[in-house]
1. Around Lys148, with a cut-off of 10 angstrom between Cβ atoms, what is the net charge of the other residues, counting Lys and Arg +1 and Asp and Glu -1?
2. What is the distance in Å between the Cα centres of the range 51-105 and the range 19-48?
3. What does the charge add up to near Asp40, with Lys and Arg as +1, Asp and Glu as -1, over the other residues with Cβ less than 10 Å from its Cβ?
4. For the ranges 170-179, 30-39, what's the packing order if you count other beta-carbon atoms within 10 Å of each residue, average per peptide, and put the highest first?
5. Taking only C-alpha pairs under 8 Å that are 6+ residues apart, what is the relative contact order of the range 81-165 in percent?
6. Less than 15 Å apart at the alpha-carbon level, and either on another chain or at least 8 residues along: which aspartates and glutamates does that give for Lys93?
7. If you wrap a convex hull around the alpha carbons of the chain, what volume per residue comes out, as a whole number of Å³?
8. Once Rh for the range 100-192 is found with the Kirkwood sum over Cα pairs, what is the Stokes-Einstein diffusion coefficient at 37 °C and 0.692 mPa s, in µm²/s?
Amino acid sequence: MTELNSGVQRKAEIVRKTNETDIKLAFAVDGTGEVKLETDVPFLNHMLDLFAKHGQFDLQVEARGDIDIDDHHTVEDIGICLGQTLREALGDKRGIKRYASVFVPMDEALAQVIVDVSNRPHFENRAEYPSAQVGSFSTELVHEFLWKLALEARITLHVIVHYGHNTHHMIEAVFKALGRAIDEATSIDPRVQGVPSTKGVL
Ligand SMILES: [Mn+2]
């Protein structure tokens, strides 16, 4: 049985300060969608809110960054911190489902996110956004965020935006699907004995 995780909330915190950013982030896999998001990048706050609400995670982020240059370092470093806390929160990954594939529509847009909590960092991105900007946010930063999340969480992450017209909707669908996919892949399956790998370790 999965005695290890029963009743124990899987969560982690990080404080990370560099010359470019100053980030405090707390992440609970076993949450209820409670968020407190204070970053200098409003569009990212909006996306992290969707991610946490639809993944039923608790997420607190306080981030200051060199947005006088641009949003790049702040977005990238929040991805790094989220990835590191996800990895730490999952511990030895005993009893998890490991895989998930989730489609989420947002009006006319359809996104699919496929996750393997594999300890093998890999990111595939099949997404072409019609607009280079959503408000003041550069849509190329979605790739930066997701890639650093996958790298630091050591997960295999495939993101496909099948179609869409409105870039805001397309990115929203990605972050909702990301939340639901990580929620499902990290959920405890009572049939899973130990670590779900023929190697015996993840
Ligand atoms: Mn919106």
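The values are calculated or read from the model by the stated rules, or taken from the named source; none is laboratory data. Treat the numbers as computed from the prediction; the structure is a model and nothing was measured. With ideal geometry, Cβ positions are generated from the backbone for all residues, glycine too; neighbour counts draw on all protein chains shown. Protein only, heavy atoms only, side chains kept; ligands, DNA and RNA dropped before computing areas. Shrake-Rupley method; radii C 1.70, N 1.55, O 1.52, S 1.80 Å.
1. Details: positive: none; negative: Glu76, Asp77, Glu144, Glu152.
Result for the neighbourhood of Lys148: -4.
2. Measuring centre to centre over Cα atoms gives 8 Å.
3. Details: positive: Arg64; negative: Glu38, Asp66, Asp68, Asp71.
The answer is -3.
4. Output ranking for 170-179, 30-39: 170-179, 30-39.
5. In percent, rounded to a whole number, it is 43.
6. Glu3, Asp30, Asp116, Asp183, Glu184, Asp189
7. Enclosed volume per residue, from the Cα hull, is 106 Å³.
8. Working: Rh = 13.4 Å.
Rounded to a whole number, D works out at 244 µm²/s.
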